[in-house]
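What follows is a short report on a single structure.
The values are calculated or read from the model by the stated rules, or taken from the named source; none is laboratory data. Since we're looking at a predicted model, the values are computed, not measured. Neighbour counts are summed over all protein chains in view; Cβ atoms, including those assigned to glycine, are modelled from backbone coordinates with ideal geometry.
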Amino acid sequence: MNPEPNVGAVARQFQIEGEFSSAAPYGSGHINDTYRVFFDQAGLQVRKILQRINSKVFKNPVALMENIQRVTSHLAAQVAGDPDSNRRVLSLIEARDGRAWHVDEEGSHWRAYHFIDRARTYDAIESPDQAYQAAKAFGHFQQMLTGLPAPRLHDTIPDFHHTPKRFLALERAIAADVAGRALLAKPEIEFALAHKSITTVLLDANLPERVTHNDTKFNNVMLDDATGEGICVIDLDTVMPGLALYDFGDMVRTATSPAKEDEQDLSLVNMQFPMFEALVRGYLASTGAFLTKEEKQFLAFSGKLITFEIGIRFLTDYLAGDAYFKVHREGHNLDRCKTQFKLVESIEQQEERMQNLVQSIA
Ligand code: ADP
Ligand code: GN1
Ligand code: MG
């Protein structure tokens, strides 16, 4: 665990006008540390976002920031003529030395973004319209990045969505049982082992590599307060080469069940068909023209796979003694794993209907 940072001192290292006034932790991410900071600009309180990159997870923060610089510049050029263009793309604030990041005394890398006003994120989905808007925005994000000029982006986390390798990590964690928790997770371990055969399906399908977001959970898109439009895709650390279906799958995982990721009442965790339909329609509205027939065929399956994948990652981390994801209570990672596996079951019960829907509109 990093020591408590002096957020004010870090904030002053960025080219932000006015006097630093305050900072507080912000958002509910599992990896980085995010702060909302206020600067006094001639009596006006102006907000900015400041983030400390988790260097245990992101081994090469400079490569990561190079990716984000290239991606945000490309996106800014794409939306340049649109109304409200400055709210449609994250925009980095340079550090005083002209770089896009600042390194503090502990060696941690920080970045700052302009604040997207009049929009917010949600930790749980509330309506099919929100699902439609989120999927359309994530799809548009992929569409705009189909034209990203070479070279290939850095892999900020190699094999991030390589499900078979994630499964191998789980098998190792079960065997090692370093935290002595395997007995407490017996039903979840059995569920995982019984699903091993699905892990290779997407990799075996020979789908095209694209530039993808790779962390398209519902709280990584900001919805406009007034219109509900998915106005800005955020959390760009894992934007790198990947499969389009990794992104669609993570939308199914986080935007078809109205329950939170760590809900303890599993009766609330269910794949709701109208949400799924809205996701498919929203996503295809912006990607229908470039996705291949093969990619479209796996839309429903990708939801099951990515939900299972994140489920086994939570389980692996529970068995490893909570080394990766931030936890806020005893058994937190196991609770998260349980919601994912409940959702996998719910998807399995409706998979045929989901597939039929995709076939009828894709
Ligand atoms: P994490 O890795 O912690 O999830 P995010 O980049 O997703 O970090 O940011 C955490 C939260 O902060 C988001 O859910 C969003 O509500 C808010 N946020 C992030 N960037 C901005 C921004 N540029 N403007 C306004 N709010 C933001
Ligand atoms: C992490 O940083 P955050 O909270 O958006 C994780 C994702 C998981 C997600 C599960 C770099 O995302 O892969 O899907 O938690 N990010 C990383 O909620 O591992
Ligand atoms: Mg986030």
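In the stretch 17-31, the qualifying residues are those that are within 16 Å of ligand 3 (Cβ to nearest atom) and at pLDDT 95 or above, and the one that is surrounded by the most Cβ atoms within 10 Å (Cβ to Cβ) is H30.
Among the residues of the stretch 123-141, those that are within 16 Å of ligand 1 (Cβ to nearest atom) and surrounded by 16 or more Cβ atoms within 10 Å (Cβ to Cβ) comprise A124, I125, Q130, Q133, A134, A137, F138, F141. Only residues that are away from ligand 1 (no atom under 14 Å from the Cβ) and more than 21 Å from R313 (Cβ to Cβ) were counted across the stretch 40-66, and they come to 9.
Identify the residue in the stretch 142-173 that is β-branched (V, I, T) and within 27 Å of F276 (Cα to Cα) and, among all such residues, is surrounded by the most Cβ atoms within 10 Å (Cβ to Cβ).
Keep residues of the stretch 142-173 that are β-branched (V, I, T), which gives 146, 156-157, 163.
If we keep only those that are within 27 Å of F276 (Cα to Cα) as well, we get 146, 163.
Details: T146: 12, T163: 22.
Once the filter is applied, the top-ranked residue is T163.
Just need a number here: residues in the stretch 34-72 that are under 19 Å from A119 (Cβ atoms) and touching a helix residue (DSSP H, G or I) at 6+ places or on another chain (Cβ under 8 Å).
At the first step, the residues of the stretch 34-72 found to be under 19 Å from A119 (Cβ atoms) are 34-38, 45-51, 72.
If we keep only those that are touching a helix residue (DSSP H, G or I) at 6+ places or on another chain (Cβ under 8 Å) too, we end up with 35, 37, 48, 50.
Selection size over the stretch 34-72: 4.
For the stretch 194-260, please list each of the strands (runs of 3 or more DSSP E) lying entirely inside it that holds at least 2 residues being assigned by TED's automatic domain parsing to the domain that holds D159 and within 16 Å of ligand 3 (Cβ to nearest atom).
On the way: elements: 210-212, 221-224, 230-233, 240-242.
By residue number, 221-224, 230-233.
Taking the criterion of being more than 23 Å from V57 (Cβ to Cβ) and either touching a Pro at 6+ places or on another chain (Cβ under 8 Å) or in contact (Cβ under 8 Å) with a residue 24 or more places away in the chain (or both), would at least one residue in the stretch 304-318 satisfy it? Looking for residues that are more than 23 Å from V57 (Cβ to Cβ) and either touching a Pro at 6+ places or on another chain (Cβ under 8 Å) or in contact (Cβ under 8 Å) with a residue 24 or more places away in the chain (or both), one finds at least one in the stretch 304-318, hence yes. Output the residues belonging to the stretch 212-271 that are without any contact (Cβ under 8 Å) to a residue 12 or more places away in the chain and among the charged types (D, E, K, R). Correct list: D265 only. Contact map, the stretch 284-296: first residue in the same structural domain as M144 (by TED's automatic domain parsing), second residue β-branched (V, I, T) and in a helix (DSSP H, G or I), Cβ cut-off under 8 Å, separation 6 or more or different chains; pairs are L284/I361; K296/V358.
Out of all the residues in the stretch 32-54, is one or more part of a helix (DSSP H, G or I) and within 16 Å of ligand 3 (Cβ to nearest atom)? Within the stretch 32-54, none of the residues are part of a helix (DSSP H, G or I) and within 16 Å of ligand 3 (Cβ to nearest atom).
Does the stretch 104-116 contain at least one residue that is part of a helix (DSSP H, G or I) and within 27 Å of S55 (Cβ to Cβ)? Looking for residues that are part of a helix (DSSP H, G or I) and within 27 Å of S55 (Cβ to Cβ), one finds none in the stretch 104-116, hence no. Just checking, does the stretch 77-90 include any residue being within 28 Å of P149 (Cα to Cα), assigned to a helix (DSSP H, G or I) and more than 16 Å from ligand 1 (Cβ to nearest atom)? Yes, the conditions are met somewhere in the stretch 77-90. Tell me, please, whether a residue that is polar (S, T, N, Q) and away from ligand 2 (no atom under 14 Å from the Cβ) can be found in the stretch 234-255. Taking every residue of the stretch 234-255 in turn, none turns out to be polar (S, T, N, Q) and away from ligand 2 (no atom under 14 Å from the Cβ).
Does V10 meet the test of being at negative phi and assigned to a helix (DSSP H, G or I)?
In short, yes.
Name the residue, out of I93, I31, that is in contact with a strand residue (DSSP E or B) (Cβ under 8 Å, 6 or more places away or on another chain) and either in the same structural domain as F138 (by TED's automatic domain parsing) or among the β-branched types (V, I, T) (or both). Steps first, answer last, please.
Details: I31 fails: in contact with a strand residue (DSSP E or B) (Cβ under 8 Å, 6 or more places away or on another chain).
Answer to the selection: I93.
Of the residues F38, F58, the single one that is closer than 19 Å to F160 by Cβ and either in contact with a Leu (Cβ under 7 Å, 6 or more places away or on another chain) or away from ligand 2 (no atom under 16 Å from the Cβ) (or both) is F58.
Any residue in the stretch 8-15 that is outside the structural domain of R336 (by TED's automatic domain parsing), surrounded by 18 or more Cβ atoms within 10 Å (Cβ to Cβ), under 23 Å from the mean Cα position of the chain (by Cα) and not β-branched (V, I, T)? Scanning the stretch 8-15, I find no residue that is outside the structural domain of R336 (by TED's automatic domain parsing), surrounded by 18 or more Cβ atoms within 10 Å (Cβ to Cβ), under 23 Å from the mean Cα position of the chain (by Cα) and not β-branched (V, I, T), so the answer is no. Scanning the stretch 261-290 for residues that are buried (at least 24 other Cβ atoms within 10 Å of the Cβ) and not in a helix (DSSP H, G or I) yields a single hit, M271.
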